[in-house]
Amino acid sequence: MLEEKYYPNKELFKDARIKNMCEYKDLVEWAKEDYEGYWGHWAKEKLNWIEPFEKVLDESNAPFYKWFVGGKINVSAQCIDRHIDSRKNKAAIIFEGDRGDKQIITYLELYRNVNRFANLLKNEFGVKKGDRVVLYMPMIPEAAYAMLACARIGAIHSVVFGGFSAEALRDRILDAQAKVVITADGAYRKGKPYMLKPVVDAALDGGCPSVEKVLVVQRNFEDVVWIGGRDYSYNEMIESQADVCEPEVMDSEDPLFLLYTSGSTGKPKGVQHSQAGYILWAQMTMEWVFDIKENDTYWCTADIGWITGHTYIVYGPLAAGATTVMFEGVPTYPDAGRAWKMVQEYKINQFYTAPTAIRVLHKLGEDEPKKYDLSSLRVLGTVGEPIDPPAWKWYYEVVGNGKCSIVDTWWQTETGGHMISPIPSATPVKPACATFPLPGIMADVLNRDGSSVEPNEQGLLCITKPWPSMIRTIWGDDERFKKSYFSDVVKDGKPVYFSGDGAIKDEEGYITITGRVDDVINVSGHRMGTAEIESAIKKHPHVAEVAVVGKPDEIKGESIFAYIVLKADTDDTLGEEVELTKEINEVIATEIGNIAKADAIVVVPGLPKTRSGKVMRRILRAIAKGEEIKQDTSTLEDPTIVAKIQEAVSCANC
Ligand code: PRX
């Protein structure tokens, strides 16, 4: 693939940390030659240790790797305390609410707010090191304070995206055995209020015995039910807290947070991250991939409920001493110019969003960016799903005015931070291509036997050596951790980390991500397990069997397509599919949340199964796409079922 390359505009990156490909290659070589020396160097240079580490990497119990063994650190101090001398009056967080309300929080204010929050949790609620605290929060500064307050006292936070249902929230609270839940009464989206506290109430009503206290940030929403002895007002309690809370001394490997994410089987997994390695890479990637500089204002549009919000709204920018914009709303409200207006107003230097948002903004206002002064922009980032060349080109040419560097960053909840990405100041990029692994990251495209795939052939995207910000385990389930990530690909006799993604490496080493090769669907950059959606749909009383697949979608990347088989005794009038579709989507909304609703639900007489009972999803994916079936269907239990399913789909489409 010898496409056109786009070169960094050197004028914009005069004093970059990695100035050109020679410097990039030097770092790559250094890491290859002396892996521990390389990482040890950065850990000493970038982090403020309470006690130094004794060993860089302990591989003795692989794949349960340990980094910076014996080191003591506190992540909240990395993000706040060490900036107080030089940056106390610098904006740490700029908040803009859905309705245009604004707030600037300096590093000194952040220090005070986080310390008070930490004191509240510790002294009033008795939260101790190692306790779990679940956050079910809107995008407000208090969400960041809560995360950092947990980090300060050594509590393990688990943020649950505010769009998840009460059931999904309860599952996560139960799995984490959380002691405290932090929420807000409500939030705003597209100018309309919506409530969060009632969702927490419903989750806890279903039985969550570990939860002792609920802390509610009050934003003046009415009709909030208050349960005495359980629910407490943040607003009332925070003022009386002391301004200083000494940071807890944490071991490098103590857990920092859990973040639940979907896999190809079973319930969501509590991805466990640890302290030092995570914060090191969060900071370094802010510096390398976003070229963050002292006077920059940086904006990532993600939600803190996802890993992007963790690493690139809160931890990374603050560890780097940057100014991070936190936005409650959606970039298309009140109009397609909202995002560009904010870029103009705050003179944003780095803008980071998902391809779905780029496609929506492109569709809504092809020339909209031209109405605003976007000249402050230097780096435009994309994350979460493959970006298509037309969206890439619009981002580059219209938003970036042909001068900004685009960083197509590939990474995952499990990787903690960027893995494959251009360096904006150095890498010649090809449209819609994540380019090269970052220095120190041993990412490669392999076959199952660990051999390298031929150039331009599709293979499995793996990381062949441990890295500091990697997942440490799945909370409470070491076996599942090994099975999920270290069982598919074996290189030189050792299992290596397999991401679940397919990728292609060209003859120049450029890596293009092709998407998931497992049963995970990526809708608008949100990762969802087919198994999870299927088990939700099965709760509908008339559903006997279900299979869910992803269907390519022009805007969302993929949409959810469900095939259902009704129970034999189901009344025929239930063939009223519109009603049934509505009901099934309601079940999904209750069990998981609106984000997992299916775009198509088709009733079929049966599923294509092998004689051993395995559902052939590849066939179902092809039918959903309207493609010809290339697989041999003669080995199916019922080879005639394929034509029947095709007919049902074409009827549903007409
Ligand atoms: O399939 C890949 C896709 O998002 C998945 C990870 O999802 P999650 O853990 O929710 O984290 C999303 C934000 C980091 C990956 O397995 N993905 C992420 N970034 C890219 C991507 N696909 C293509 N290109 C990317 N830049």
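Inspection of region 331-350 identifies at least one residue that is in contact (Cβ under 8 Å) with a residue 60 or more places away in the chain and crowded, with 24+ Cβ neighbours inside 10 Å.
Which of the strands (runs of 3 or more DSSP E) contained wholly in region 33-97 include at least 3 residues that are hydrophobic (A, V, I, L, M, F, W, C)?
Working: elements: 55-58, 66-69, 91-96.
By residue number, 66-69, 91-96.
Every listed requirement among (1) within 9 Å of the ligand (Cβ to nearest atom); (2) acidic (Asp, Glu); (3) not in a helix (DSSP H, G or I) is met by Asp373 save one, (1).
Could you say whether any residue in region 291-304 is under 21 Å from Leu438 (Cα atoms), in a helix (DSSP H, G or I) and either without any contact (Cβ under 8 Å) to a residue 40 or more places away in the chain or within 13 Å of the ligand (Cβ to nearest atom) (or both)?
At the first step, the residues of region 291-304 found to be under 21 Å from Leu438 (Cα atoms) are 291-293, 298, 300.
From what's left, in a helix (DSSP H, G or I): none.
No, every residue in region 291-304 fails to be under 21 Å from Leu438 (Cα atoms), in a helix (DSSP H, G or I) and either without any contact (Cβ under 8 Å) to a residue 40 or more places away in the chain or within 13 Å of the ligand (Cβ to nearest atom) (or both).
Selection of region 533-551 for residues being buried (at least 22 other Cβ atoms within 10 Å of the Cβ) and over 20 Å from Lys609 (Cα atoms) yields only Ala536. For Arg527, state whether it is within 16 Å of the ligand (Cβ to nearest atom) and under 21 Å from Ala589 (Cβ atoms). In short, yes. Among the candidates Val379, Val383, Val399, the residue that is within 13 Å of the ligand (Cβ to nearest atom) and either more than 30 Å from Asp492 (Cβ to Cβ) or not basic (Lys, Arg) (or both) is uniquely Val383.
Taken over region 386-396, the criterion of being more than 15 Å from the ligand (Cβ to nearest atom) and among the charged types (D, E, K, R) is satisfied by Lys393 alone.
Residue-level check: of (1) surrounded by fewer than 24 Cβ atoms within 10 Å (Cβ to Cβ); (2) of a type outside the set (Gly, Ala, Ser); (3) under 19 Å from Thr285 (Cα atoms), Glu414 misses just (1).
Go through region 472-524 residue by residue and tally those that are among the charged types (D, E, K, R), within 15 Å of the ligand (Cβ to nearest atom) and under 21 Å from the mean Cα position of the chain (by Cα). Give the derivation first.
Our first condition is that a residue be among the charged types (D, E, K, R); within region 472-524, this holds for 472, 477-480, 482-483, 488, 491-492, 494, 501, 505-508, 516, 518-519.
Narrowing further to those that are within 15 Å of the ligand (Cβ to nearest atom): 488, 501, 505, 516, 518-519.
Adding the requirement that they be under 21 Å from the mean Cα position of the chain (by Cα) leaves 501, 516, 518-519.
Summing the residues that are among the charged types (D, E, K, R), within 15 Å of the ligand (Cβ to nearest atom) and under 21 Å from the mean Cα position of the chain (by Cα) in region 472-524 gives 4.
Among all positions in region 454-464, there is no residue which is within 28 Å of Ala336 (Cα to Cα), away from the ligand (no atom under 13 Å from the Cβ) and not charged (D, E, K, R).
Of all residues in region 267-287, those being surrounded by fewer than 24 Cβ atoms within 10 Å (Cβ to Cβ) and either farther than 27 Å from Gly476 by Cβ or more than 16 Å from the ligand (Cβ to nearest atom) (or both) number 1.
Taken over region 152-201, the criterion of being farther than 21 Å from Gly126 by Cα and among the β-branched types (Val, Ile, Thr) is satisfied by Val160, Val199. Filtering region 418-472 to residues that are among the small types (Gly, Ala, Ser) and within 30 Å of Ala16 (Cβ to Cβ) leaves Ser421, Ser425, Ala426, Ala432, Ala434, Gly440, Ala443, Ser469.
Determine, yes or no, whether Ala357 is within 16 Å of the ligand (Cβ to nearest atom), among the small types (Gly, Ala, Ser) and buried (at least 24 other Cβ atoms within 10 Å of the Cβ). Judged against the criteria, Ala357 is not a match.
Which of the following residues is in contact (Cβ under 8 Å) with a residue 60 or more places away in the chain, among the acidic types (Asp, Glu) and more than 18 Å from Val289 (Cβ to Cβ): Glu54, Glu23, Glu4, Glu33?
Numbers: Glu54 fails: in contact (Cβ under 8 Å) with a residue 60 or more places away in the chain; Glu23 fails: more than 18 Å from Val289 (Cβ to Cβ); Glu33 fails: in contact (Cβ under 8 Å) with a residue 60 or more places away in the chain.
The match here is Glu4.
Can you name every residue in region 605-644 that is in a helix (DSSP H, G or I) and within 35 Å of the chain's Cα centre (by Cα)? Steps first, answer last, please.
The initial filter retains those residues of region 605-644 that are in a helix (DSSP H, G or I), namely 617-625, 641-644.
Selection gives Arg617, Arg618, Ile619, Leu620, Arg621, Ala622, Ile623, Ala624, Lys625.
Scanning region 248-261 for residues that are part of a loop (DSSP other than H, G, I, E, B) and surrounded by fewer than 24 Cβ atoms within 10 Å (Cβ to Cβ) returns Glu248, Val249, Glu253, Asp254. Go through (1) at pLDDT below 95; (2) surrounded by fewer than 19 Cβ atoms within 10 Å (Cβ to Cβ); (3) within 18 Å of Thr415 (Cβ to Cβ) for Asp492 and report which single condition fails. Only one criterion in (1) at pLDDT below 95; (2) surrounded by fewer than 19 Cβ atoms within 10 Å (Cβ to Cβ); (3) within 18 Å of Thr415 (Cβ to Cβ) is unmet by Asp492, namely (3). Screening Glu554 against (1) surrounded by 23 or more Cβ atoms within 10 Å (Cβ to Cβ); (2) more than 12 Å from the ligand (Cβ to nearest atom) leaves a single unmet condition, (1).
Residues of region 402-424 that are away from the ligand (no atom under 14 Å from the Cβ) and under 23 Å from Lys505 (Cβ atoms): Ser405, Ile423, Pro424.
Taken together, the residues in region 362-403 that are crowded, with 18+ Cβ neighbours inside 10 Å and farther than 30 Å from Met470 by Cβ amount to 11.
The values are calculated or read from the model by the stated rules, or taken from the named source; none is laboratory data. Note that this is a predicted model, so its numbers are computed, not measured. Every residue, glycine among them, receives a Cβ derived from its backbone with ideal geometry; neighbour counts consider all protein chains shown.
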